[in-house]
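One structure is given below, encoded as structure tokens.
Read the figures in this text as sums done on the coordinates, not as results from a lab. Because the structure is predicted, anything quoted here is derived from the model rather than measured. Note: ideal-geometry Cβ built from the backbone for every residue, glycine included; neighbour counts use all protein chains shown.
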Amino acid sequence: MKYDIGIIGGGPGGYVAALRGAQLGAKVVLFEKDTLGGTCLNRGCIPTKTLLKSADILRQAEKADKFGVSVGPIVLDYKKVKGRKDSIVSQLTGGVAGLLKKNGVEVIYKEAKIAGKGRIEAEGDIYETGAIILAAGSRPSRPPIPGIEHAVDSTWMLEQSSLPTSMAIVGGGVIGVEFAAAFRAFGVKVTIIEMLPKVLNMADDMVIASAQKLLEREGIEVITGAKVEKIGPCSITYETEEGSFTKAVDVVLAAVGRVPETDGPLLKLLGIQQERGRVVTDSYMRTTVPGIYAIGDVNGTSMLAHTASREGIVAVNHIMGQDTAPMQYERIPSCVYTTPEIAWIGMTEKEAAAMELDYLTGEFPLAGNGKALVEGETLGRIKIISLKKTGEILGAHLVCPHATDMIMEIGACMEAEGTIDDIRAAIHPHPTVSEGMWEAAEDERDMAIHW
């Protein structure tokens, strides 16, 4: 059977691409070897955020007395926490299946691979397509550490119905920090072991400093500049400048990122260029073979669900001859769902300085924000970086309640080619944490009101 678009992978890149293709009148076939929704809905974004929400509720209950509310004994039922997580995942994946059916997308639950230009093979059957979108996702990275077989990954961790007493997390990036925050709130003794000098090392220095304070406040041990030497069944050995140490723990979680899920030799045979395991694409998601596109984690450019979804739309629009803007990766927000939340978009101050740009920064601490005081959360700051001459916003970095929602004020402004003056001119409602955005913008010219 002939299709206009064939998509391999039903994650947030693949299923969004399929829906957009159907909306534009294409005959679309989508191949999924496991469950619709990919890593994000089943083993990543949604499950972890569900656990983090339960962790936040637990924290709120534990400090309820400070708000004048007396509660009885606070008991965590982790089986119910997992049950709620599973229910939400089931609801969302079922919703995706319903949307695909409603829009006429044919879904084939088989493992598929590219069999040549315009051809997809799935368990011996050949499907002919006008264009192919590779959206196979990624898998957890397994670093070459002696004893790595004793470490678990995030997928395993999310499927457990009981909690360990203690755990070591190898990796202080977004995945490691979020798991640490959740499981520490559940009463687990948590240690983060990070090879780099700081946790969230890719973030702005303000974010890194705030994150360190946040983790310390929660009682999470953070060991940086540490090389893991080996992992045992219930232990981990690491080396720092001070020497070699072994820590006994119930579980070691490897959280050192993800790698593209690609068939390297096959792609090479097809003539699809790769670099260090990722598929190379242009800003319209085209690979080096005409008619074959790659979106999401397989191209390794920005391993985020919202990036994959936008890449899927860009690819389909291009396939269907629609007028579409190319991908602009400098405008993609990153989020960390700790308490308080962390979010950023654009350049860090170090990046702006390295480019020798003439820039200004404005910051506002949560301690000066009324809504933050009301919510009982004053750890954190809001920071904006802009060009001195034009006011173009280069980046923004938030550590505050609702940061993952608020970051889109900057994202929308950047997309519209707005400036720091537009943030100053917008009336921010009171009392909201978003007032801190206005204050940070005013601070660039030393005119913040409440600090």
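Local charge sum around Lys230 (other residues, Cβ-Cβ under 14 Å, Lys/Arg +1, Asp/Glu -1)?
Values: positive: Lys227, Lys247; negative: Glu149, Glu229, Glu239.
Net charge around Lys230: -1.
Name the shape class, rounded, prolate or oblate, that the alpha-carbon gyration tensor gives for segment 271-334, where a ≥ b ≥ c are the square roots of its eigenvalues, rounded holds for a/c under 1.5, and otherwise prolate holds if a/b is larger than b/c and oblate otherwise.
Working: a/c = 2.03, a/b = 1.02, b/c = 1.98.
Here segment 271-334 falls in the oblate category.
Work from the charge dipole of the chain (Cβ charges, +1 for Lys and Arg, -1 for Asp and Glu, about the Cα centre) and give the residue of Thr237, His450, Val89 farthest towards its positive end.
Result: Val89, furthest along the dipole toward the positive end.
Return the aspartates and glutamates within reach of Lys230: Cα separation strictly under 13 angstrom, same-chain partners fewer than 8 residues apart disregarded; answer none if there are no such residues.
Answer for Lys230, where 13 Å is the Cα cut-off: Glu149, Glu239, listed by chain and number.
Looking at the chain, which Cys residues are left with no other cysteine's beta carbon under 4.7 Å from theirs?
Those would be Cys234, Cys335, Cys400, Cys413, since no other cysteine Cβ in the chain comes under 4.7 Å of theirs.
What is the gain in length, in nm to one decimal, between Gln273 and Met195 on full extension, counting 0.36 nm per residue of separation less the C-alpha to C-alpha distance? Please list the in-between numbers first.
Working: separation 78, 0.36 × 78 = 28.08 nm, distance 3.08 nm.
Extra length available between Gln273 and Met195 comes to 25.0 nm.
Sort out for me the Cα centre separation of segment 360-397 from segment 288-326, rounded to whole Å.
Taking the Cα centre of segment 288-326 as reference, the centre of segment 360-397 is 33 Å away.
Run the dipole for segment 151-256 about the Cα centre, Lys and Arg Cβ at +1, Asp and Glu Cβ at -1, nothing else charged, and hand back the magnitude in debye, nearest 20. Before the final figure, lay out each step's value.
Numbers: 8 positive and 14 negative charges, 37 e Å.
Its charge dipole is roughly 180 debye.
Would you please put 425-436, 124-135 in order of how densely packed they are, using the mean number of other Cβ atoms within 10 angstrom per residue and starting with the highest?
On the way: 425-436: 16.3, 124-135: 20.6.
By packing density, highest mean first, the sequence is 124-135, 425-436.
Which of the aspartates and glutamates could a cross-linker span from Lys117 if the Cα-Cα distance has to be under 17 Å and same-chain partners fewer than 8 positions apart are dropped?
Asp4, Asp125, Glu128, Asp263
Quick one: grab the alpha carbon gyration tensor of the chain, order the square roots of its eigenvalues as a ≥ b ≥ c, and give me rounded if a/c is under 1.5, else prolate or oblate depending on whether a/b is larger than b/c. It would help to have the intermediate numbers written out before the result.
Working: a/c = 1.65, a/b = 1.24, b/c = 1.33.
Here the chain falls in the oblate category.
Could you point to the residue in Leu200, Met1, Met327 farthest towards the positive end of the chain's charge dipole, with +1 and -1 charges on the Cβ of Lys/Arg and Asp/Glu respectively?
The Cα lying farthest towards the positive end belongs to Met1.
Can you list the lysines whose alpha carbon is less than 17 Å from that of Lys66, not counting same-chain residues fewer than 8 positions off?
Lys371
Would you mind working out the magnitude of the charge dipole of segment 340-443 relative to its Cα centre, with +1 at each Lys and Arg C-beta and -1 at each Asp and Glu C-beta, to the nearest 20 Debye? Don't skip to the end; give the middle numbers.
Values: 7 positive and 19 negative charges, 35 e Å.
I would put it at about 160 debye.
Could you tell me which trypsin sites (Lys or Arg not before Pro) in segment 389-451 are loop residues by DSSP with no more than 11 other beta carbons within 10 angstrom of their beta carbon?
On the way: sites: Lys389, Arg424, Arg445; in loops: Lys389, Arg445.
Those that pass, being in a loop and sparsely packed, are Lys389, Arg445.
Classify segment 151-256 as rounded, prolate or oblate from the Cα gyration tensor: take a ≥ b ≥ c as the square roots of its eigenvalues, call it rounded if a/c is under 1.5, otherwise prolate when a/b beats b/c and oblate if not.
oblate
Suppose every Lys and Arg Cβ carries +1 and every Asp and Glu Cβ carries -1, with no other charges. What dipole size does the chain come out with about its Cα centre, to the nearest 20 debye?
On the way: 46 positive and 58 negative charges, 287 e Å.
Dipole of the chain, to the nearest 20 debye: 1380 debye.
Can you tally the net charge around Arg142? Count Lys and Arg as +1, Asp and Glu as -1, for every other residue whose Cβ sits under 14 Å from the Cβ of Arg142.
Working: positive: Arg139, Arg258; negative: Glu149, Asp153, Glu261.
After counting each charged neighbour, the total is -1.
Which of the residue pairs Lys33/Lys101; Lys198/Lys350; Lys227/Lys268 have a Cα-Cα distance greater than 23 Å in the structure shown?
Values: Lys33/Lys101 17 Å; Lys198/Lys350 15 Å; Lys227/Lys268 34 Å.
The answer is Lys227/Lys268.
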